Ligand code: 3H9
């Protein structure tokens, strides 16, 4: 029998139910109804002695259908369907394969026995979406695995590999073959008694209160303290009660979280990662990239080369001298060693990948590569010269990419006779770790070159976001704007420690001054000098950072910046920098005033949102969600807020305009209402509405 979303077959006493809801067997309304009907009918059929569940396609199920969240619920509810499975008199066995996650794993937990297939990854990632497992996961998992493990799996969302699942007792046996074959074999094992069955909810456990309390206080001390993991551990504590009492407690906590802003922000972040793949060039066929060249063996070039070889693309890295080339090779090896240390790969894999790297000193070595990524010093003259040379060296059809973070890609493309092959690939440092890749599409970039960049990003497991050409593209352009407001507040009287702390309490991993120290203050200094000739006379300019750089204080790498780094763990304010702040306030004739943390955050976020709105208005970003993705994956934006323009919708266009008009009485040049914000306020629409258009 074939339902739309289920493939049901009966083979003698065995009924096989294959979930068939591509691409990931999400447990939407139709699948829940189908499962409920099938279990009811098969359980009532005396000829059926065992029911085996598996997934058609790549997994048993990736969980509840996220697209249904926030909409009116459609019965039957997943917890009820799973209770029905657990309550079935006919034993039910589940095959866990692929990424069996969330409600998908809860489905397996509600079965009477579980078989796992090699390569499967099992997890309860609900907390990463601001939720907790709401279909019995918090009640059934602790009945099967040790408490510490249940807490860890549920509060982090970690995916458990098949062999560990077996070791922990999450799986009863390791299966083999296709999911359907494994289901058939598991059913047979139930029939012949070699795979025992029992309802998980019937198992009783005693939980160590100290372990639970310690986990809760650890989570509470996190900044910001997300509610979902805390509530999840509190729900686990209910597993000591009979399951009929624990489940309603879990459900109530789940429903509370469903209404929380964290849940909305985290699901927006999940959606953003996928939404950015939709680009006008989607239909173009990507060019083949079997080899690449990287020019420049600095931190950036080394990171890019590491990312490429890790994706299985052999790289020729060009440096100026044999000595520098060797240094670059050592840099790549260090990166690979780091991956081994973090358990991301083993030594054999590292050695294999390292063979993909060649270093050279002559650009002519790039004559045959499919892609070149230039990552040299940020100087238009230097870059255009290199592209002129590449034009004469590279084979026809090779993609010529620049890793510039600000410069005009059209002008770089104009240095070649093939502007259609030129594109910006803006990686973020460290390039082998950071997930964001801004794909900068110049006026003449060919559609298949854009499609290739997105394909390449996929191979490198990066989040590619399409950007138009402007100074700084999406991210650095917005950063250059809102970063100024932190300097304005500093000069106006608030300490940089307070600004950093206020923004960290808001959710950023690090405040802007601490970030500057980490990245190197000389970077912003160079940009300010570059932009000085075009700076409008009406623009307020704070010189504090320049004075600090003039002392040779570039942050962590020189041992001091805004903070002192004698002890790398402590963040002690640098008295020298504090003196500079005082002196600059006096020089600027400012009477210092206090700012509340709330005002700091309001000004900083309003500045960020204003420039982000302009970037969307000008078509530099395709949609507001693209800006959100840039900030989530490249700038450490707090994930639970979903990105600057998702957060903007929480404030609302009208209130944002009110704020800007209020601030503009102090500085009408800086604080201007973006046209798009006015349009939204007048039409009553939100940035979320623009994402749907
Ligand atoms: C839950 O289960 C709550 C329960 O405890 C309680 C309920 C009462 N729903 O990522 P991909 C889509 S909460 C709907 O590109 P991959 C995805 O959007 C849920 N759609 O592939 C994409 O669509 P598009 C807990 C989903 O191979 C397409 O499938 N589960 C869902 O890189 C392909 O996805 C999770 O949090 C879903 N659940 O990765 C798992 N999942 O092509 C979330 C995926 O239109 N999912 N889609 O953009 C994942 O982590 C990854 O998608 C997965 C596959 C690892 C499964």
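The values are calculated or read from the model by the stated rules, or taken from the named source; none is laboratory data. Just so we're clear, the structure is a prediction, and the values are computed from it rather than from any experiment. A quick note on method: Cβ atoms are made from the backbone with ideal geometry, for glycine too, and the neighbour counts reach across all protein chains shown.
Here residue 164 passes the criteria (1) within 29 Å of residue 191 (Cβ to Cβ); (2) near the ligand (Cβ under 9 Å from one of its atoms); (3) free of Cβ contacts under 8 Å to residues at least 60 places away in the same chain except the one numbered (2).
Kindly evaluate residue 90 against the criterion of being closer than 23 Å to residue 270 by Cβ and in contact (Cβ under 8 Å) with a residue 40 or more places away in the chain. No. For the range 91-102, residues that are away from the ligand (no atom under 15 Å from the Cβ) and surrounded by fewer than 23 Cβ atoms within 10 Å (Cβ to Cβ) total 1.
When 380, 407 are checked against the criterion of being modelled with pLDDT under 95 and surrounded by fewer than 17 Cβ atoms within 10 Å (Cβ to Cβ), a single residue qualifies: 380. Within the range 267-277, the set of residues being within 12 Å of the chain's Cα centre (by Cα) and either surrounded by fewer than 22 Cβ atoms within 10 Å (Cβ to Cβ) or away from the ligand (no atom under 12 Å from the Cβ) (or both) comprises 267, 268, 270, 271, 273, 274. Residues in the range 282-310 that are closer than 14 Å to residue 357 by Cα and in a helix (DSSP H, G or I): 301, 302, 303, 304, 305, 306, 307, 308, 309, 310.
Candidates are the residues of the range 33-55 that are under 28 Å from residue 188 (Cβ atoms) and within 15 Å of the ligand (Cβ to nearest atom); the one that is surrounded by the most Cβ atoms within 10 Å (Cβ to Cβ) is 55.
The set of residues in the range 504-518 that are buried (at least 17 other Cβ atoms within 10 Å of the Cβ) and either in contact with a strand residue (DSSP E or B) (Cβ under 8 Å, 6 or more places away or on another chain) or not in a loop (DSSP other than H, G, I, E, B) (or both) comprises 506, 512, 513, 514, 515, 516, 517. Among the helices (runs of 4 or more DSSP H) confined to the range 204-266, the ones with at least 2 residues that are within 23 Å of the chain's Cα centre (by Cα) and within 16 Å of the ligand (Cβ to nearest atom) are located at 227-236, 243-258. Looking across the range 61-74, the residues that are more than 7 Å from the ligand (Cβ to nearest atom) and surrounded by fewer than 12 Cβ atoms within 10 Å (Cβ to Cβ) come down to 70, 71, 72.
To keep it simple, each residue is scored yes or no on (1) surrounded by fewer than 21 Cβ atoms within 10 Å (Cβ to Cβ); (2) touching a residue at least 40 places away in the same chain (Cβ under 8 Å); (3) out of contact with any strand residue (DSSP E or B) (no Cβ under 8 Å at 6 or more places or on another chain).
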| position | (1), (2), (3) |
| --- | --- |
| 180 | yes, yes, no |
| 186 | no, yes, no |
| 190 | no, yes, no |
| 196 | yes, yes, no |
| 215 | no, yes, yes |
| 222 | yes, no, yes |
| 229 | no, yes, yes |
| 248 | yes, no, yes |
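Restricting the range 103-130 to residues that are within 16 Å of the ligand (Cβ to nearest atom) and in a loop (DSSP other than H, G, I, E, B), the residue that is nearest to residue 52 (Cα to Cα) is 111. The numbered conditions (1) more than 26 Å from residue 68 (Cβ to Cβ); (2) within 16 Å of the ligand (Cβ to nearest atom); (3) buried (at least 16 other Cβ atoms within 10 Å of the Cβ) are all true for residue 300 except (2). In the range 110-137, the residues that are farther than 23 Å from residue 182 by Cα reach residues that are more than 13 Å from the ligand (Cβ to nearest atom) and in a loop (DSSP other than H, G, I, E, B) with C-beta atoms within less than 7 angstrom, at least six apart or across chains, in these pairs: 130/260. Against the criterion of being away from the ligand (no atom under 13 Å from the Cβ) and either modelled with pLDDT of 95 or more or touching a strand residue (DSSP E or B) at 6+ places or on another chain (Cβ under 8 Å) (or both), residue 16 qualifies. Within the option set 58, 77, being under 22 Å from residue 201 (Cα atoms), more than 22 Å from the chain's Cα centre (by Cα), within 16 Å of the ligand (Cβ to nearest atom) and surrounded by fewer than 22 Cβ atoms within 10 Å (Cβ to Cβ) holds for one residue only, 77.
Name the single residue that is farthest from the chain's Cα centre (by Cα) among those in the range 141-151 being buried (at least 24 other Cβ atoms within 10 Å of the Cβ) and more than 13 Å from the ligand (Cβ to nearest atom). If we take residues in the range 141-151 being buried (at least 24 other Cβ atoms within 10 Å of the Cβ) and more than 13 Å from the ligand (Cβ to nearest atom), then 142 is farthest from the chain's Cα centre (by Cα). Could you list all residues from the range 165-178 that are touching a strand residue (DSSP E or B) at 6+ places or on another chain (Cβ under 9 Å) and either closer than 20 Å to residue 214 by Cα or not in a strand (DSSP E or B) (or both)? Scanning the range 165-178 gives 165, 166, 168, 170, 171, 172, 175, 178.
Table: residues versus (1) modelled with pLDDT of 95 or more; (2) in contact with a strand residue (DSSP E or B) (Cβ under 7 Å, 6 or more places away or on another chain); (3) surrounded by fewer than 19 Cβ atoms within 10 Å (Cβ to Cβ).
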| residue | (1), (2), (3) |
| --- | --- |
| 139 | yes, no, no |
| 153 | yes, yes, no |
| 193 | yes, no, yes |
| 205 | yes, no, yes |
| 211 | yes, no, yes |
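Take residue 62 and tell me if it is outside any helix (DSSP H, G or I) and closer than 20 Å to residue 190 by Cβ.
In short, no.
Only one entry in 607, 570, 526 is closer than 28 Å to residue 631 by Cα and buried (at least 18 other Cβ atoms within 10 Å of the Cβ), namely 607.
Filtered by the rule that a residue be within 16 Å of the ligand (Cβ to nearest atom) and out of contact with any strand residue (DSSP E or B) (no Cβ under 6 Å at 6 or more places or on another chain), the range 278-290 gives 278, 282, 283.
Against the numbered list (1) more than 27 Å from the chain's Cα centre (by Cα); (2) assigned to a helix (DSSP H, G or I); (3) surrounded by fewer than 24 Cβ atoms within 10 Å (Cβ to Cβ); (4) away from the ligand (no atom under 13 Å from the Cβ), residue 88 comes up short only at (2).
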